[in-house]
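Taking it in order: structure first as structure tokens, then the write-up.
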Amino acid sequence: LQKILILLQVTLSVVVGKILMILFPNAMKKYILKLGEKSRMNKNPKFSYENWGPTFFSFKYLLFVLKVKWKRLEDEAFEGHPAPNTPVVTLSGEVRHLLDFMGDNRPLILNFGSCT
């Protein structure tokens, strides 16, 4: 049921976005550039709006957003329920699942950080 609701929501958003891009191309360009500021996409001088802007509200965009949103349904964690078995990528590039790293008699500890 959740996947159907997400499908309807995303499809409606893409259809409306596509119609608005056709009817009001300049206004939508400003809107999409504003979205690009949040993600810092438009800060890269080699990556212009013409490279990525027109892909918004395309069929590929629809499929990508659906894939991400459906995947996130599997990653929700709730207190008192089993942990999600989220896919992760090892340093060697191999795709594994988080609970694959759990041993029989030892806890799984996740340490998040960043290197700058």
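Quick check: anything in the range 26-41 under 20 Å from residue 109 (Cα atoms), open to solvent by less than 70 Å² (accessible area, probe 1.4 Å), in contact with a Leu (Cβ under 9 Å, 6 or more places away or on another chain) and at pLDDT below 85?
The answer is no, given that none of the residues of the range 26-41 is under 20 Å from residue 109 (Cα atoms), open to solvent by less than 70 Å² (accessible area, probe 1.4 Å), in contact with a Leu (Cβ under 9 Å, 6 or more places away or on another chain) and at pLDDT below 85.
Looking across 73, 99, one residue alone is modelled with pLDDT of 80 or more and surrounded by 10 or more Cβ atoms within 10 Å (Cβ to Cβ). It is 99.
Just one of the listed residues (20, 12) is open to solvent by 100 Å² or more (accessible area, probe 1.4 Å), modelled with pLDDT of 85 or more and aliphatic (A, V, I, L, M), and it is 12. A Cβ distance below 6 Å, combined with a sequence gap of six or more or placement on separate chains, defines the contacts here; from the range 1-15, residues that are on the phi < 0 side of the Ramachandran plot reach residues that are part of a helix (DSSP H, G or I) and open to solvent by 60 Å² or more (accessible area, probe 1.4 Å) in the pairs 3/70; 6/69.
The values are calculated or read from the model by the stated rules, or taken from the named source; none is laboratory data. Since the model is a prediction, treat every value here as computed from it, not as a measurement. Glycine gets a Cβ as well: all are built from the backbone with ideal geometry, and neighbour counts include every protein chain shown. Heads up: the accessible areas ignore ligands, DNA and RNA and are worked out on the full protein's heavy atoms, side chains in. Shrake-Rupley method; radii C 1.70, N 1.55, O 1.52, S 1.80 Å.
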